[in-house]
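The structure appears below as C-alpha cells.
The values are calculated or read from the model by the stated rules, or taken from the named source; none is laboratory data. For clarity, every value in this text was computed on a predicted model and none was experimentally measured. Neighbour counts run over all protein chains shown; Cβ positions are idealised from the backbone, glycine included. Side chains included, ligands, DNA and RNA excluded: accessible areas come from the protein's heavy atoms. Shrake-Rupley method; radii C 1.70, N 1.55, O 1.52, S 1.80 Å.
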Amino acid sequence: RVSAGELPGTLVVRRDVTEQRRHCEANQSLSSTVVGREELPALVAHSERMKRVLEMVEAVAVLDSTVLVTGENGTGKEHIVELIHRRSIRRSGALVRVNCAALPETLIESELFGHRKGAFTGAVADRKGKFELADGGTLFLDEIANIPPSHQGKLLRVVETGEFERLGASRSRRASVRILSA
C-alpha cells in the first residue's frame, strides 16, 4: 500500500541517439546530391563522372534538339531521358517511349506514324502513331539501332521537317516532337 506523496519506484528511460543523428546527417548529405528529387525517382551522384553526366543533362535539357544517349545496358539511360524531358520546355507534354527492338519490322511504320483504316489486313480503324501521341512533348526511341534501313529515310524526314504520313494515307501530317534516343 502506497500512501499519498510516496513513489513506489522509479522508471528511467534511456536512449542513445548517436545512431539516429548519424542517419540524419547521412540523409542530409545524400539529399544535397539528389537531382530532381521532387520530380523523379532519386538520382544520386557520388562519382565525378556521374556528376558530369548530370551537368550535361542540365545543359541539353534547355535546348530543343535531338539527343542521343549512349551507355551500356543497365546504366540508367531511360532515367537520363526522363530527366531531360522533365527539365525541358516540353515537360508539360507527353513522354512517349518506344522500344524499337521490340517492334516487328512489318509494324514499325504503323507504330511510329500511325495508319488509316484498311491500310493493311487488321487495320480496322484509323490509329495515331507515336509521333502524333508525342506531339508537343518528347518521343524516346530506345534501341534505335534496330530500325531497319528501309524505314530510316522516313524517320529522317520526320526528324528534319516534322512531317510524316500515316500508313495508307495520302496527306502529310505535322508533329512538334523532341526526339531523344538511345
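Numerical summary
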quantity	calculated
Mean Cβ count within 10 Å, highest first, over the residues of peptides 165-171, 62-68, 109-115, 131-137	109-115, 131-137, 165-171, 62-68
Accessible area of the range 96-139 belonging to carbon and sulfur atoms, whole % at 1.4 Å probe	49 percent
Accessible area of the range 86-154 divided out per residue, in Å², using a probe of 1.4 angstrom	53 Å²
Relative contact order, percent, the range 132-180 [alpha-carbon distance under 8 Å, six or more residues apart]	53 percent
Whole-number percent relative contact order across the range 85-182, with pairs defined as alpha carbons under 8 Å at least 6 apart	34 percent
Residue pairs, from the table K51/K130; K51/K154; K77/K128, whose Cα atoms sit over 29 Å apart	K51/K130; K51/K154
